[in-house]
Amino acid sequence: MAEPGADDAKSAPKPRRETVWDQGGRVALGLILPLALVIGWESAVHTGLAQGRLMPPPSRIAVTLYDLAASGDLWMHVQATLVRVALGFAFGAVAGIAAGALTGALPTARHILDPTLQALRAVPSLAWVPLFILWLGILETPKVALIAVGVFFPVYIGVAGAIASVDRKLIEVGRIFRLSTLQLARRILLPAVLPATLTALRTGLGLGFLFVVAAELMGASEGLGYLLIDGQQFSKADQILAAIIAFAILGKLADTVLVAVTRPLTRWQDTARETL
Amino acid sequence: MLTLDSLSKTYSDGTRALERIDLTVPQGEIVALIGGSGCGKTTLLRLVAGLDRASEGSIVLDGETIAQPHPGVGLVFQEPRLLPWLDVADNVGFGLSHLAKTERKARIAHALEMVGLGEHARRWPRELSGGQQQRVSIARAFVANPRVLLLDEPFSALDAFTRKDLHGHLLALWQETKPTILIVTHDVGEAVALADRAVVMRPKPGRLDDAIPLALARPRDPASPHSEAATRRILAALDRSLKPAQAAAPTEAAQWW
Ligand SMILES: Nc1ncnc2c1ncn2[C@@H]1O[C@H](COP(=O)(O)OP(=O)(O)OP(=O)(O)O)[C@@H](O)[C@H]1O
Ligand SMILES: [Mg+2]
């Protein structure tokens, strides 16, 4: 049906795309402050305004980082930390999704499980550390367990909340088209809870990095956290800062990868739709 | 043929939403349900759609009793209720997953063409205006070829121009397969523009009050004397349905309390 309709005219003007220049400009703005700090700090140390022992200048941190990387130590520590986060995240996320789905879908399960989980959540997770060491020894298991606990709660809360808040009106659409329970779960519930679940996973991953530091501080012979303690014990401020920078980069990278991998799943949500 | 036989609905909180509704609609007729707020129009459609169960009475479509969603009955909600994670075409094809891909595609394309959205097939729902979204939801209901199509105030959120445009799309779709249509509306003009019969409902408890046949030729001119006469008759019936509530309601209420 040909329609010289009003709405076709409405959709004609294309939304203005953000150009490479716009993006570059924005990134440049964000870089001003850190660059100023780096340069200021560096020159303060060089001109003798500040002492470099407790506050090593950026150049020295860079050298330390480079040396660590060149000797292969950095990679070993990064790997150790990454494996712990990955394992803890996997266990915590799977358990959190399972528990969240169960309590979100079945009221009885919610009444049984949720009060206990909420009570456990009220315990600051680091309080478990002594108990975990007592139970699980001082090797990898307690570390992974601690990280998993840290990841579990945000994922559980996020998934349960997402399921509880699925729009009943959309479920009725599924009923009108006579979907079976399984189809309803796959075609309506799952896509509806996906965005909130991914957000919860992101929060969980962030907490995973938070807890890996705690876990490694409780005693480790490798890992970025070990570099922190080692640096503290031998007054190597440059090593501490190098480890902190490595943590920041690693955390950001992990988050970026998670977002990139899950991006296609929530493309319908993008506020500015530029693809297609 | 759709037959509602002594259909009643009492909600779990005791609200008597429908009281012994009898209505027979031959295949292909367009019936407009009109009535004040709370007189049970949405309840009636939800029962016929099989989303809720009747307390008493029955709904029979061509000899089959309807107690749960039925493939021959489609429903357009008051809001578009599109699935935000599916694009326009996939929303329209939501109920067609049992069909082969080529057939499904062809049907979707045709339905979108019929509601004038052929060019927007790959858009997300949120990129459409309210009127466009409601057209998608009408296409989604029609594409399954229902024998009965239920529409609950589908155009009430739209401006008069868009509404008139959508009346045209709705009638064009209806012309193709001639489903039975029950459309709830607050707008007497809409009833006169679309329906073969206007059924006026009365609240507390919801009952059918009056039925006004609108045997007007299509396409209809709202300014024609016939249309104006029909409008006056419906308005008069609506007036009556609201006024004698004091006269009839107490005895009725006493009966079922
Ligand atoms: N789920 C429910 N539980 C209890 N009472 C309900 C429920 N749904 C509707 N009702 C009541 O049933 C009566 C009829 O409601 P219904 O929604 O069918 O009216 P309506 O004619 O569609 O009104 P409107 O024109 O405002 O949409 C009202 O008194 C309403 O309060
Ligand atoms: Mg209603």
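The values are calculated or read from the model by the stated rules, or taken from the named source; none is laboratory data. Since we're looking at a predicted model, the values are computed, not measured. Heads up, the Cβs are rebuilt from the backbone with ideal geometry, glycines too, and the neighbour counts pull from every protein chain shown. Just the protein is used for accessible areas: all its heavy atoms, side chains included, with ligands, DNA and RNA removed. Shrake-Rupley method; radii C 1.70, N 1.55, O 1.52, S 1.80 Å.
Work out from phi, with θ = phi - 60° and the Karplus expression 6.51 cos²θ - 1.76 cosθ + 1.60, the ³J(HN,Hα) of each residue of the range A:162-172, listed in order in whole Hz, and give x for Gly and Pro.
For the range A:162-172, the Karplus-derived couplings read 4, 5, 5, 9, 4, 4, 4, 5, 6, 5, 5 Hz, x marking Gly and Pro.
May I ask for the Kirkwood hydrodynamic radius of the range A:34-96, worked out over all distinct Cα pairs and given in angstroms to one decimal?
14.4
Can you divide the C-alpha Rg of the range A:58-275 by 2.2 N^0.38 Å and report the result to two decimal places?
Here the Cα radius of gyration is 1.22 times the empirical estimate.
Go through A:ASP238, B:ASP5 and list them by solvent-accessible area, largest first, probe radius 1.4 Å.
B:ASP5, A:ASP238
Going toward the positive end of the dipole of the protein assembly as shown, with +1 on Lys and Arg Cβ and -1 on Asp and Glu Cβ, which of B:VAL200, A:ALA200, A:SER165 do you reach last?
B:VAL200
If Rh is defined by the Kirkwood formula over all Cα pairs and Rg also comes from Cα, what ratio Rg/Rh do you get for the range A:16-167?
1.16
Where only protein heavy atoms count, and the probe is 1.4 Å, what is the accessible area per residue for the range A:58-275 in Å²? Kindly include the intermediate steps, with their values, before the conclusion.
Working: 11250 Å² over 218 residues.
About 52 Å² of surface per residue is accessible.
If you line up the long axis of helix A:190-217 against the longest principal axis of chain A, both from Cα atoms, how many degrees apart are they, to the nearest 10?
Computed tilt is about 20 degrees.
If you rank A:TYR156, A:TYR226, A:TYR66 by how much accessible surface each has, with a 1.4 Å probe, what is the order from largest down?
Final ranking, largest accessible area leading: A:TYR66, A:TYR226, A:TYR156.
Using a Förster distance of 30 angstrom, determine the FRET efficiency expected from the C-beta separation of B:ASN145 and B:LEU235, and round it to 0.05. Let's see the in-between values first.
Working: r = 35 Å, r/R0 = 1.18.
Plugging the Cβ-Cβ distance into 1/(1 + (r/R0)^6) gives 0.25.
Any idea of A:VAL94's accessible area? Nearest 10 Å², probe 1.4 Å.
100
Under unit Cβ charges (Lys, Arg +1; Asp, Glu -1), what dipole magnitude, rounded to 20 debye, does chain B have relative to its Cα centre?
The dipole magnitude comes to about 180 debye.
Under the Kirkwood approximation for Rh and a Cα-based Rg, what ratio Rg/Rh is obtained for the range A:178-235?
Details: Rg = 20.5 Å, Rh = 14.4 Å.
Looking at the range A:178-235, the ratio lands at 1.42.
Under a Cβ-Cβ cut-off of 10 Å, what is the net charge of the residues other than B:ILE34 that fall near it, where Lys and Arg count +1 and Asp and Glu count -1?
So the environment of B:ILE34 carries a net charge of -3.
Could you please put B:HIS98, B:HIS110, B:HIS167 in sequence from largest to smallest accessible area, using a 1.4 Å probe?
B:HIS98, B:HIS110, B:HIS167
With the radius of gyration and the Kirkwood radius both derived from the Cα set of the protein assembly as shown, what is their ratio Rg to Rh?
1.14
If the viscosity is 0.692 mPa s and the temperature 37 °C, what Stokes-Einstein diffusion coefficient in µm²/s follows for the range B:89-200 when Rh is the Kirkwood radius over Cα pairs?
In µm²/s, the coefficient rounds to 226.
HN-Hα J couplings of the range A:137-144 from phi, Karplus 6.51/-1.76/1.60, θ = phi - 60°, integer Hz, Gly and Pro as x?
Coupling constants for the range A:137-144: x, 10, 7, 6, 3, x, 5, 4 Hz.
Can you figure out the FRET efficiency of A:THR199 with A:ALA260, using R₀ = 22 Å and their beta-carbon distance, to the nearest 0.05?
0.90
Taking a probe of 1.4 angstrom, what is the accessible area of B:ASP87 in Å², to the nearest 10?
Near enough 20 Å² of accessible area.
With point charges of +1 on the Cβ of Lys and Arg and -1 on the Cβ of Asp and Glu, referenced to the Cα centre of the protein assembly as shown, which listed residue (B:VAL148, A:TRP41, B:VAL25) lies farthest in the positive direction of the dipole?
B:VAL25
What whole-number distance in Å separates the alpha-carbon centres of the range B:121-154 and the range B:13-46?
22
Give me the dipole magnitude in Debye, nearest 20, for the range A:104-224 about the Cα centre, with unit charges on the beta carbon: positive for Lys and Arg, negative for Asp and Glu.
Here the size comes out at about 700 debye.
Go from 0 up to the bin containing the longest alpha carbon distance in the range B:80-144, width 5 Å each, and give me the % of pairs per bin.
4, 23, 36, 25, 10, 2, 0
Can you pull a Stokes-Einstein diffusion coefficient for the range B:173-231 at 37 °C (0.692 mPa s), Rh from Kirkwood over Cα pairs, as a whole number of µm²/s?
Using the Kirkwood radius from Cα pairs, D works out to 261 µm²/s.
Per residue of B:81-89, count partner chain C-beta atoms within 10 Å of its C-beta, then hand back the mean as an integer.
Taking the mean over all residues of the peptide, I get 5.
Just name one of A:PHE91, A:THR108, A:PHE152: the one whose Cα is farthest towards the positive end of the charge dipole of the range A:58-275 (beta-carbon charges, Lys/Arg +1, Asp/Glu -1).
Value: A:THR108.
At 1.4 Å probe size, with no ligands or nucleic acids counted, give the accessible surface of A:THR64 in Å², nearest ten.
20
Of all the C-alpha pairs in the range A:169-276, what % are more than 17 Å from each other? Working shown, then result.
Numbers: 3890 of 5778 pairs.
Beyond 17 Å sits 67 percent of the P(r) for the range A:169-276.
Rounded to the nearest 100 Å², what's the accessible area chains A and B bury against each other, both chains counted, probe 1.4 Å?
2900
How long are the semi-axes of the equivalent ellipsoid of chain B, defined as square roots of 5 times the Cα gyration tensor eigenvalues? Whole Å, largest first.
Numbers: eigenvalues 200, 96, 52 Å².
Working through the eigenvalues yields semi-axes of 32, 22, 16 Å.
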